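Some notes on the structure that comes next.
The values are calculated or read from the model by the stated rules, or taken from the named source; none is laboratory data. Just so we're clear, the structure is a prediction, and the values are computed from it rather than from any experiment. Here the Cβ positions follow ideal geometry from the backbone for every residue, glycine too, while neighbour counts run over all protein chains shown.
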């Protein structure tokens, strides 16, 4: 069974019919819009943000059709679906056999996952060859920036390449003890060294006789777990932590939202920002929702009165829904969608 189907069913269940399947598509591909970032928080699915960056819209349509044919889902609105009892049973069965990875953190690590892996893979290959005094090999990573980083890393260690190799080997061995045998195997099989060539993820899946999408998600899970554990225990995993050195982490705010935030900090109102930036007021409001989602100290008080905020929270709690229209229909007509979205964003509903 394609594990993408399992993740898709899981996300449909979490959304509970409140969002279209293309909202799920935007989460899996890591589309950085205010709505997608808000959905990640609202439905507690941040870990999946950007984990399938190559996912295509046509794949979503095929996936939905396949799940409908198997009677795993039923339509509950335009492009919105709920799980059927059969779908629920299937999902539970699959998650028992192949649980969701516990270290995934796409929301935080999406932009550094590939960089960390390239550095780790090339550094491992280099120290392995240099340890046996072989300087003639084809780098497994062609990316120029990665090669430059590894060269600087090796140069900074001078003649202590053997020590670096031993430290890296020790840290990887200790680190991978904290993962399942399957996860550790996937990671190790992808590494190249003086005596072996690393496999592609497709080759790994065939070698271990597992579903390709499951192999991909477990591989990402290991990388995210390594980053987290190395960050939390820098003394034990100093070499692995050093691989994170100067990796540029992209601000979760989009560039256009950052410009709006700058103008807000200068005291401009929504209307003034709209005129200054030649944007629709709705667009500026989208930016403010995005800011509320990602900036912990941002106050929504200038935009939502306390009484309004309490009313929105009460309705959301009572109805147990995230559907904006349903929430608005149960509030005073003067309360806007913007106020509802902003409250949901800030309160983490």
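Considering region 307-324, and only residues there that are modelled with pLDDT of 90 or more and surrounded by fewer than 13 Cβ atoms within 10 Å (Cβ to Cβ), the residue that is nearest to residue 43 (Cα to Cα) turns out to be 317. Return yes or no: is residue 202 under 20 Å from residue 220 (Cβ atoms), free of Cβ contacts under 8 Å to residues at least 40 places away in the same chain and loosely packed, with under 15 Cβ neighbours inside 10 Å? Here the answer is yes, as residue 202 does meet what is asked. Taking region 93-196 as the region of interest, the helices (runs of 4 or more DSSP H) fully inside it that hold 2 or more residues being touching a helix residue (DSSP H, G or I) at 6+ places or on another chain (Cβ under 9 Å) and at pLDDT below 95 are 106-109, 113-131, 144-156, 161-176. Quick check: anything in region 22-44 in contact with a strand residue (DSSP E or B) (Cβ under 6 Å, 6 or more places away or on another chain), assigned to a loop (DSSP other than H, G, I, E, B) and over 18 Å from residue 3 (Cα atoms)? No, because not a single residue in region 22-44 is in contact with a strand residue (DSSP E or B) (Cβ under 6 Å, 6 or more places away or on another chain), assigned to a loop (DSSP other than H, G, I, E, B) and over 18 Å from residue 3 (Cα atoms).
Selection within region 325-349: residues that are surrounded by 13 or more Cβ atoms within 10 Å (Cβ to Cβ) and either part of a loop (DSSP other than H, G, I, E, B) or touching a strand residue (DSSP E or B) at 6+ places or on another chain (Cβ under 6 Å) (or both). The member of this set that is modelled with the lowest pLDDT is 349. Within region 206-218, restricting attention to residues that are surrounded by fewer than 21 Cβ atoms within 10 Å (Cβ to Cβ) and assigned to a helix (DSSP H, G or I), the residue that is nearest to the chain's Cα centre (by Cα) is 216.
Yes or no, residue by residue, for (1) surrounded by fewer than 22 Cβ atoms within 10 Å (Cβ to Cβ); (2) touching a residue at least 40 places away in the same chain (Cβ under 8 Å); (3) under 21 Å from residue 344 (Cα atoms); (4) not assigned by TED's automatic domain parsing to the domain that holds residue 211:
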| residue | (1), (2), (3), (4) |
| --- | --- |
| 18 | yes, yes, yes, yes |
| 24 | no, no, yes, yes |
| 33 | yes, yes, yes, yes |
| 39 | no, no, yes, yes |
| 44 | yes, no, yes, yes |
| 47 | yes, yes, yes, yes |
| 54 | yes, no, no, yes |
| 66 | yes, yes, no, yes |
| 85 | yes, no, no, yes |
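In this entry, residue 245 passes the filter for residues that are closer than 30 Å to residue 124 by Cα and either under 27 Å from the mean Cα position of the chain (by Cα) or not assigned by TED's automatic domain parsing to the domain that holds residue 15 (or both). When the criteria are applied in full, residue 288 fails the requirement of being assigned by TED's automatic domain parsing to the domain that holds residue 344, out of contact with any strand residue (DSSP E or B) (no Cβ under 6 Å at 6 or more places or on another chain) and surrounded by 13 or more Cβ atoms within 10 Å (Cβ to Cβ). Looking only at residues of region 220-244 that are surrounded by fewer than 21 Cβ atoms within 10 Å (Cβ to Cβ) and free of Cβ contacts under 8 Å to residues at least 60 places away in the same chain, we find that the one that is farthest from residue 55 (Cα to Cα) is 235.
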